[in-house]
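> Sending over a structure as structure tokens; questions will come in a sec.
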Amino acid sequence: MNAPIAIRTATPADVGALRALHAASLRRLATPFYGAPVVEAFIATGTVPEELIADGTLFVATQGDTLLGCAGWTTRLPGYAALGGKVAPGATVRSVYVHPGHARQGLGRRLMDWVEGEMLCAGHRQATLLAMLSGVPLYRRLGWHDGEAVTVRLPGGLPVGALHMAKILAAGQAPLAIAA
């Protein structure tokens, strides 16, 4: 019988496992959307936001000692903003990854529910994210709304198509503008 899946705050000791998780997830789940050269270049940019670990806003899903997924949020300017990704002020979801062996089993939903709850507890009523194309179907199912489609250029000029998305986390709020 498998151990239950738990969600906890990531620690600096998780960085190596997070790097491996991100690489495995991107290679398996994002390559059909972007191709191997773009995925490998993306991995090489460094995908683990250690500032979120320091802030206590990156969360990991584990089963026993095995890391299965992660998701986080921040009000800091994300690193992809320097690569041409526009960012709305406020809470931004970051670094949502699920190990490909656990994809499409509800883990992404659990992690996003956790992160949205954490943002609400911190006083945020709306949030944005910049979705890789491989994640858009999940976010739409979770009530996120499409914004502007953008192309972020990796070092070396390789393009990564992405979609700005936004969600109202509490009823009664006006939608957040995420375009231009």
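Values in this text are rule-based calculations from the coordinates and carry no lab data. No experiment lies behind these values; they were computed from the predicted model shown. Using ideal geometry, Cβ is built from the backbone for each residue, glycine included, and neighbour counts are taken over all protein chains shown.
> Take the Cα gyration tensor of the chain, multiply each eigenvalue by 5, square-root it, and list the three semi-axes largest first, rounded to whole angstrom. Don't skip to the end; give the middle numbers.
Details: eigenvalues 102, 90, 46 Å².
Largest first, the chain gives 23, 21, 15 Å.
> So between Leu169 and Arg27, what do we pick up on full extension, going 0.36 nm a residue minus the alpha carbon distance?
Values: separation 142, 0.36 × 142 = 51.12 nm, distance 3.10 nm.
Stretched out fully, the Leu169 to Arg27 stretch lengthens by 48.0 nm.
> Shifting gears a bit: Determine the dipole magnitude for the chain: charges of +1 sit on the beta-carbon of Lys and Arg, -1 on that of Asp and Glu, nothing else is charged, the reference point is the Cα centre, and the result goes in debye to the nearest 20.
On the way: 15 positive and 11 negative charges, 76 e Å.
Result for the chain is approximately 360 debye, rounded to the nearest 20.
> For the stretch 120-165 and the stretch 1-21, write down the distance between their C-alpha centroids in whole Å.
23
> Given a 10 angstrom Cα cut-off, can you work out which residue in Ala30, Ala170, Ala61 is the most mobile in a GNM of the chain?
Its mean-square fluctuation being the largest, the pick is Ala170.
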